[in-house]
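Engineer: Quick one: structure below, then a few questions.
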Amino acid sequence: MKTTYTVHVGNIGQVHSGQNRAEAFLHFAEYVSQSKTNYGRAAGEDVVIMLNGQPLREHIGTLSQSRQD
């Protein structure tokens, strides 16, 4: 079975899929930055990086945080 990393952004959907871990984490970091700085379509959104469909790391955006309050 091949190792597949995917990155998902709340309202955008899947923004990356590939086998290179470093590249996947670069995409994850970029979208987390956009979420935290309220920039572009990823502003305030959740960002998740997954390995073979299982979450590795998750950023909870301000939009989700405000819904929980």
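Engineer: Every residue in segment 1-38 that is basic (Lys, Arg), over 14 Å from His59 (Cβ atoms) and modelled with pLDDT of 95 or more, please. Even if it seems obvious, please write down each step before you answer.
Structural biologist: Start the filter on segment 1-38 by keeping residues that are basic (Lys, Arg), which leaves 2, 21, 36.
Now restrict to residues that are over 14 Å from His59 (Cβ atoms): 2, 21.
Once the filter is applied, which keeps residues that are basic (Lys, Arg), over 14 Å from His59 (Cβ atoms) and modelled with pLDDT of 95 or more, segment 1-38 yields only Arg21.
Engineer: Right, here's the next one. Collect the residues in segment 32-64 that are of a type in the set (Lys, Arg) and over 21 Å from Arg21 (Cβ atoms), keeping them in residue-number order.
Structural biologist: Here is the first cut: in segment 32-64, the residues of a type in the set (Lys, Arg) are 36, 41, 57.
Within segment 32-64, Lys36, Arg41 qualify.
Engineer: Among the strands (runs of 3 or more DSSP E) confined wholly to segment 1-64, which include 2 or more residues that are in contact (Cβ under 8 Å) with a residue 40 or more places away in the chain, surrounded by 19 or more Cβ atoms within 10 Å (Cβ to Cβ) and at negative phi?
Structural biologist: Those strands (runs of 3 or more DSSP E) span 5-9, 47-51.
The values are calculated or read from the model by the stated rules, or taken from the named source; none is laboratory data. Since the model is a prediction, treat every value here as computed from it, not as a measurement. Using ideal geometry, Cβ is built from the backbone for each residue, glycine included, and neighbour counts are taken over all protein chains shown.
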